[in-house]
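One structure is given here, and the rest of the page talks about it.
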Amino acid sequence: LYCTTLDNLKYDSECHNAHLSKLMDSEIVYIKNRKSYDELCSLREKAKLFLRSDKRYKRVDELIEKAKISFADACLYDDIGRIRVSVCDIMLSLSDAIMIYHGKYFKRGIKRMSEELLQFSLDNTFYENMRRISQSNDINELRLLARENILYIEDFIWALEYQPIVEKERDEVPNLNFEVLKINNICDNTHFSDCGIPDKYTKMFGKTKTSF
């Protein structure tokens, strides 16, 4: 049984986190009038549209930044209890970021988050770090594991964002060997056009030497 206000549901519909099941999946709803019920339906549709739109990527960036702020808090204090709270906030923010990036939300609650994350191609080290965090009472270990997971998820999402762009460019230029894009092995501080690569295919890499 979940009791809340429409204001809270309005906040949920903005997808500040990925725990939206109470908004999206409640099948029996006790509500005071038809107008409020219609507004609930409208909020559900708003959340669905948000998760399908490019706006969700900005929310992902915000969640990763939130994780970094929590990490700074974990490094600022030496109280194990406070550090554990901060590290927990980090893992929640990272998990939310993964879900929202893929346009999804958690449906089984916080205790089963790791099970739902298995649908994505995350490295086993990420899950192992989560397990170790839940069992650790060592300040330095908690900070180290949290830092590793922040950096991993940031790289994971970066790869998802930019790999399709590179693949698209390869499709558009079928005769251009991908190795040519390793500009640092071909051009040394020169303009891309000097290497015989049209600017239209190299804008994403800038106009000077780029390392990969």
Exercise for review: Could you look through the range 16-44, keep only residues that are open to solvent by 50 Å² or more (accessible area, probe 1.4 Å) and not in a loop (DSSP other than H, G, I, E, B), and pick out the one that is nearest to residue 110 (Cα to Cα)?
Suggested key: 22
Check your understanding: Between a first residue in the range 2-15 that is more than 15 Å from residue 96 (Cα to Cα) and a second residue that is open to solvent by less than 50 Å² (accessible area, probe 1.4 Å) and among the aliphatic types (A, V, I, L, M), which pairs have beta carbons less than 8 Å apart while being 6 or more apart in sequence or on different chains?
Key -> 6/40; 6/43; 9/23; 9/40; 9/43; 10/43
Review point. Cβ-Cβ below 7 Å, separation at least six or inter-chain, first residue in the range 46-68 and open to solvent by 90 Å² or more (accessible area, probe 1.4 Å), second part of a helix (DSSP H, G or I): which pairs?
Key: 46/13; 66/93
Review point. When residue 143 is evaluated against the numbered criteria (1) exposed (fewer than 15 other Cβ atoms within 10 Å of the Cβ); (2) modelled with pLDDT of 95 or more; (3) among the basic types (Lys, Arg), which criterion, by number, is the only one it fails?
Key: (1)
Revision key, fill the gap. Filtering the range 69-117 down to residues that are open to solvent by 60 Å² or more (accessible area, probe 1.4 Å) and within 12 Å of the chain's Cα centre (by Cα) yields 102, 104
Practice item. Could you figure out which of (1) closer than 21 Å to residue 140 by Cα; (2) part of a loop (DSSP other than H, G, I, E, B) isn't true of residue 86? Key: (2)
Exercise for review: Quick one: in the range 118-140, of everything that is touching a residue at least 24 places away in the same chain (Cβ under 8 Å) and of a type in the set (S, T, N, Q), which residue is most open to solvent (accessible area, probe 1.4 Å)?
Suggested key: 137
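The values are calculated or read from the model by the stated rules, or taken from the named source; none is laboratory data. Values in this document were obtained by computation on a predicted structure and should not be read as measured data. A quick note on method: Cβ atoms are made from the backbone with ideal geometry, for glycine too, and the neighbour counts reach across all protein chains shown. The area values use the complete protein model at the heavy-atom level, side chains included, leaving out ligands, DNA and RNA. Shrake-Rupley method; radii C 1.70, N 1.55, O 1.52, S 1.80 Å.
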